[in-house]
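**Q** One structure coming up, written as structure tokens, with questions to follow.
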Amino acid sequence: MEKEIFEDDGSLACLHLPADRANKRFVCKEERQENLINKTFWLLDFFPDVQTRFGTRHLYKATYEKDDPDGKAFKVFTGAAACKYVLEKLAELGKFPRRVTLKKEGKIAA
């Protein structure tokens with residue numbers, strides 16, 4: 001397999017280090033899931049079962065455009081069963097990043 005050639009600008013971002021699964025954090029701004037209803041965005045990654053003051057939630061990282069730089073990424077905590085199911089299946093299938101549109105069904109975002 002050929003190594004990817006990139007210009008090392010000295011930043012951590014250029015190294016494209018994978019997220020640290022043990023710390024369960026994304027370093028980016030937080031967005032409320034309710035603000036994403038009827039919007040299309042790209043799911044980049046997620047951490048399952050993160051303990052929060054509101055209980056156990058899934059944490060996902062997203063951007064509005066697939067090629068947006070990491071500085072435009074945002075993170076969202078979700079407890080919605082439909083969202084958790086989709087995130088788990090995408091991870092199981094290795095299908096990140098994935099373009100999605102968040103829809104509201106009754107009082108639940110899915």
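The values are calculated or read from the model by the stated rules, or taken from the named source; none is laboratory data. Source: prediction; values computed, not measured. Here Cβ is always computed from backbone atoms with ideal geometry, including for glycine, and neighbour counts include all displayed protein chains.
**Q** Which members of the range 2-54 meet the condition of being acidic (Asp, Glu) and either farther than 15 Å from Asp70 by Cβ or at pLDDT 90 or above (or both)?
**A** Within the range 2-54, Glu2, Glu4, Glu7, Asp8, Glu30, Glu31, Glu34, Asp45, Asp49 meet the criteria.
**Q** While we're here: Of all residues being more than 26 Å from Leu12 (Cβ to Cβ) and over 13 Å from the mean Cα position of the chain (by Cα) in the range 58-98, which is surrounded by the most Cβ atoms within 10 Å (Cβ to Cβ)? Just the residue, please.
**A** Residue satisfying both the conditions and the ranking: Ala80.
**Q** Also, I was wondering about something else. Please verify whether the range 39-52 includes one or more residues that are assigned to a strand (DSSP E or B), among the charged types (D, E, K, R), touching a residue at least 40 places away in the same chain (Cβ under 8 Å) and surrounded by 13 or more Cβ atoms within 10 Å (Cβ to Cβ).
**A** Here is the first cut: in the range 39-52, the residues assigned to a strand (DSSP E or B) are 40-52.
Still in the list and also among the charged types (D, E, K, R): 45, 49.
Checking which are touching a residue at least 40 places away in the same chain (Cβ under 8 Å) leaves us with 45.
Then keep just the ones that are surrounded by 13 or more Cβ atoms within 10 Å (Cβ to Cβ); that gives 45.
Yes, that holds for at least one residue.
**Q** For Leu44, work out the one condition from (1) farther than 17 Å from Thr101 by Cβ; (2) touching a Pro at 6+ places or on another chain (Cβ under 8 Å) it doesn't fulfil.
**A** (1)
**Q** Sticking with this structure for a sec: I'd like to know if the range 99-107 contains one or more residues that are at positive phi, over 13 Å from the mean Cα position of the chain (by Cα), among the polar types (S, T, N, Q) and surrounded by fewer than 18 Cβ atoms within 10 Å (Cβ to Cβ). If you could, list the steps in order and put the result at the bottom.
**A** Residues of the range 99-107 that are at positive phi, as a first pass: 106.
Filter once more, keeping what is over 13 Å from the mean Cα position of the chain (by Cα): 106.
Okay, now just the ones that are also among the polar types (S, T, N, Q), so none.
The answer is no; no qualifying residue exists.
**Q** Among the residues of the range 53-86, write down those that are β-branched (Val, Ile, Thr) and in contact with a Leu (Cβ under 9 Å, 6 or more places away or on another chain).
**A** Residues of the range 53-86 that are β-branched (Val, Ile, Thr), as a first pass: 56, 63, 76, 78, 86.
Correct list: Thr63, Val76, Thr78, Val86.
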